[in-house]
Amino acid sequence: TLPRHLRRRAASHNVKRMPVRLREKALSEMKKSAQSSKTLGGESGKLTNAKKNNRYKRRRAKSVREEYELRQTGKRWLETHVWHAKRMHMKEMWGVMVAESPNERSHRAAYRAAMEKTYAQDVSYYKTFEIAGQAEAIVQLIGCLVASEELTIATSCYVNGSRMAPLTLYRGGQYPLAALGPASALWKPAVEGEARVLWIRVHPCIGNEVLAELVNAQTTMPGSSVQQLRIDDITCDLVSFELLGNQSTQMLHSILSHSAAPDACGSSILQAIRALPSPATLPESIVIALRIHDPRLRFPFKLDMAGGELTPEKQQRLEDLLLRWPADAALLGSAGGDSGIWDRDSCAKDVERRPSDHSLNGRRQAQLVPGAKLDPDSSIDVTVPLLLIRTGPEVLLGSRIVRTGEQLVDNLAHGWTLLAPRGWGMSLWLALNFAGARSQGLQERHHVGFEAGLSTFPANWPGTVAYDNWAGSIAIDEFEKWTRRPPGKRTNYLQMGVDSPFMSPFHKLLGLPQPPEAYPQVTANDLQCRVRCIRKIKSCKKDAAAQATSAEGDDEDGDVDMADSSANPSSSTSATTTTAAIWLVSGERLCGIVGSLLAKPLALEGGSPNDMTLEQWAQPLVEAIRNNSSSESQLLEHCLVRVRLHCSGRGVPVKNAPIYMRSATPSASQEAESASVDPRGATIVGYVMTGSFSLARGSGMAIGACSLKGLFSIWKAGVASKSPRCARVAINSMNGGPLIDAILSVIP
């Protein structure tokens, strides 16, 4: 009840030191807190009801565990939550407490760690679903949620479990509309006499939708084999860590080389690849199965750089390994007798019977040489099964990447994903950090993906419900922060020609009637920076009717009190209806077609560019989509294409900045030509979703989305001016400065 600037850490036990109006309340609180009888007027020096929960009792293991369980009500903590909470800003997202960003400024440090050393992130919040049954029935079930041309899990290189398959999921029977997001699928190696098992890993923001679509497809599809499939959520049974950087392979070798199954193929592969300069050298999505001893026995680990030289013998062995990758790399035994991490019951029993930290410390104390590593005892210690997956752009984009990989920064786009059973998360996480890995949060992961030139989910996936919820929550926070500033100190976006500074109105760009309901309802009146103050009439001669008339007149002039403006969501239409009508072109196959259309000369078509229609220009793209029930014109009108924008001059693009069409004719003064474009009259072709200064390129860069109709207009303008095949656009600087000139390229 005291003002904030008058509050103290502790109040006095003397009631008379409190303000008079608070003494009665303070006295009642002192009685409830059971203070001494001397303070309350009893016998002198006698404590009647001493405080029960003193610090000693509060810090006991049982009390701390009960407190942690109480604090986890309504949300889930990762195994590394306490470690992260001491070093990072935590935020509740998707029902999980995740690390948002470290307490220190670390964008440049995260970039440097991913480029030169090792970047680590706990991604145990990812959803994992297990589908068990016949292989044909599983493929048929997944086929309802993906494009028929992108059904990668049915190919031979993925069915045997040696590689992880990238997928892009859609709502059942609505491809190419109603995209859910990217996913990855991994088959369990086939064992004779056992049912096939498939793991699907998705982002937690679409976990519930994916599970609902799987169950719905199972109930509606005919066939007894599909009905007998078992679908389980095993997210809490696994922990996973993501590693990027040049030294990630050497670090994994230093931690995981103490193998408990030296005869397994995975141990020899890990020994052979330790000398590779970068994970990008290895094939993407390969899977290596390992079984190691308890990592606590040899803790702490140090990065072992000795023996990493690439000798001629190691060079020859690596070449043979890359040319003929072993088919049993994902197996722990020759006959598949050891299921490893796939046997969840066995993994849970090992966690229960593993020795405690106290017993391990006792064994260390009994060592003759202080600091010596503990030797594993087969009668006491347990082993840990692991899966090591070489991840890269395919996992983030949900499709195969063959040609566009050259445009990415290898060190930032390629790395490893470590999967382990639950209960071993903290042991492995401490091993990685003590070996030299730099831990990061969600913001740094998004920044590293941006530096690599990749579109991340859900921040760069417009046309999905996950993107609408992500962008809508950020827009509400930024709008409320903008309204809290004094009217004269707010950025005047209307004067800069920006109608939507807090969100990217793709619905307006595509001609859809209503925005998603997750977006804040901000009008032009809400963006006014000057509020006309209603003069208070001091004269008593003016009656209340005249004052009401004056107030109504001011309202008709458009004056709005910004203090009353709020970001209430639109209730006229649902987010699902608006978003389901958007077609997001994803995948290297379709994006390659759009890129070739932008570079296609008119001589191949003949005639004038004014004679060509959007349907004729985009005919190859429409032919690439099969079994589509939507009309061709409506599909092209509501089509979005992700683009990468490289700034050719000064200026740094920012989020939600409009992208304008401009002349593609190159000139010596690009900045002067960009400044000549009027934002109020220019044609908007897209919006920036992520923009910043790129440390890897030394200039401004942005990832945005443009309408297919806008790209067609850019192509027509370039053909009419007979310019080189280089699509140039202008970006609003969002600060009142000149427009930013940029080169546009299509990305998957």
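The values are calculated or read from the model by the stated rules, or taken from the named source; none is laboratory data. Keep in mind that this is a model prediction, so the values were computed, not measured. In this analysis, Cβ positions are derived from the backbone assuming ideal geometry, glycine residues included, and neighbour counts consider all displayed protein chains. Calculation scope for accessible area: heavy atoms of the full protein, side chains included, ligands and nucleic acids excluded. Shrake-Rupley method; radii C 1.70, N 1.55, O 1.52, S 1.80 Å.
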Item checked: Search result, residues across segment 457-484 that are surrounded by fewer than 23 Cβ atoms within 10 Å (Cβ to Cβ) and acidic (Asp, Glu) -> Asp477, Glu478, Glu480
Check: For segment 254-266, how many residues are more than 20 Å from Lys302 (Cβ to Cβ) and at pLDDT 85 or above?
Finding: 3
Next item on the list: Determine which member of the set Asp343, Asp328, Asp304 is under 30 Å from the mean Cα position of the chain (by Cα) and either over 19 Å from Ser257 (Cα atoms) or modelled with pLDDT under 90 (or both).
Entry: Asp343
Next item on the list: State yes or no: is Pro487 modelled with pLDDT under 90 and open to solvent by 20 Å² or more (accessible area, probe 1.4 Å)?
Entry: yes
Next item on the list: Quick one: in segment 642-652, of everything that is over 17 Å from Ala459 (Cβ atoms) and not in a loop (DSSP other than H, G, I, E, B), which residue is most open to solvent (accessible area, probe 1.4 Å)?
Entry: His646
Item checked: Count of residues meeting criterion [touching a residue at least 12 places away in the same chain (Cβ under 8 Å) and in a loop (DSSP other than H, G, I, E, B)] in segment 95-113 -> 3
Margin query: Quick check on my filter: what residues within segment 98-117 are over 25 Å from Arg76 (Cβ atoms) and open to solvent by 50 Å² or more (accessible area, probe 1.4 Å)?
Written below: Glu104, Arg105, His107, Arg108, Arg112, Glu116, Lys117
Item checked: Tally of residues being open to solvent by 30 Å² or more (accessible area, probe 1.4 Å) and under 20 Å from Ser427 (Cα atoms) across segment 261-294 -> 2
Next item on the list: Those residues that are under 27 Å from Ala471 (Cβ atoms), touching a helix residue (DSSP H, G or I) at 6+ places or on another chain (Cβ under 6 Å) and either surrounded by fewer than 18 Cβ atoms within 10 Å (Cβ to Cβ) or of a type in the set (Val, Ile, Thr) (or both), I need them from segment 202-240; list them, please.
Entry: Val202, Ile206
Next item on the list: For segment 345-370, enumerate the residues that are under 17 Å from Arg422 (Cα atoms), free of Cβ contacts under 8 Å to residues at least 24 places away in the same chain and among the small types (Gly, Ala, Ser).
Entry: Ser346, Ser356
Next item on the list: Enumerate the helices (runs of 4 or more DSSP H) found wholly within segment 327-406, keeping only those where 2 or more residues are in contact with a helix residue (DSSP H, G or I) (Cβ under 8 Å, 6 or more places away or on another chain).
Entry: 344-353, 393-397
Item checked: Single unsatisfied condition, Asn216 versus (1) at pLDDT below 90; (2) part of a helix (DSSP H, G or I) -> (1)
Check: Of the residues that sit in segment 490-537 and are under 26 Å from the mean Cα position of the chain (by Cα) and of a type in the set (A, V, I, L, M), which one is modelled with the lowest pLDDT?
Finding: Ala518
Check: Would you pick out the residues in segment 122-159 that are charged (D, E, K, R) and within 17 Å of Ser399 (Cα to Cα)?
Finding: Glu149, Glu150
Next item on the list: Being charged (D, E, K, R) and in contact with a strand residue (DSSP E or B) (Cβ under 8 Å, 6 or more places away or on another chain) is the filter; apply it to segment 142-188 and report the residue that is farthest from Leu331 (Cα to Cα).
Entry: Arg171
Next item on the list: Please identify the pairs in which a residue from segment 508-532 that is in a loop (DSSP other than H, G, I, E, B) has its Cβ atom under 9 Å from the Cβ atom of a residue that is among the charged types (D, E, K, R) and modelled with pLDDT under 80, counting only partners at least 6 apart or on another chain.
Entry: Gln528/Asp559; Val531/Asp559; Val531/Asp561; Arg532/Asp554; Arg532/Asp557; Arg532/Asp559
Item checked: Output for segment 433-456, where each listed residue is open to solvent by 10 Å² or more (accessible area, probe 1.4 Å) and assigned to a helix (DSSP H, G or I) -> Asn433, Phe434, Leu442, Gln443, Arg445, His446, His447
Check: Of Ser184, Ser156, Ser162, Ser148, which residue is without any contact (Cβ under 8 Å) to a residue 40 or more places away in the chain and either open to solvent by 40 Å² or more (accessible area, probe 1.4 Å) or among the small types (Gly, Ala, Ser) (or both)?
Finding: Ser156
Next item on the list: Quickly run through segment 691-748 and pick out the residues that are open to solvent by less than 20 Å² (accessible area, probe 1.4 Å) and among the hydroxyl-bearing types (Ser, Thr, Tyr).
Entry: Ser694, Ser707, Ser723, Ser733
Next item on the list: Test Ala99 against the stated conditions and say whether it is among the small types (Gly, Ala, Ser) and within 24 Å of Pro283 (Cα to Cα).
Entry: no
Note to self: Can you find, within segment 707-748, the residue that is modelled with the lowest pLDDT among those that are hydrophobic (A, V, I, L, M, F, W, C) and more than 26 Å from Gly463 (Cβ to Cβ)?
What the structure shows: Ala720
Margin query: Can you report the number of residues in segment 307-325 which are acidic (Asp, Glu) and at pLDDT 85 or above?
Written below: 2
Checklist line | Among (1) over 23 Å from the mean Cα position of the chain (by Cα); (2) on the phi > 0 side of the Ramachandran plot - the single one Ser225 does not satisfy | finding: (2)
Checklist line | Candidate set: segment 325-383, residues that are open to solvent by 80 Å² or more (accessible area, probe 1.4 Å) and polar (S, T, N, Q); chosen: the one farthest from Pro189 (Cα to Cα) | finding: Gln365
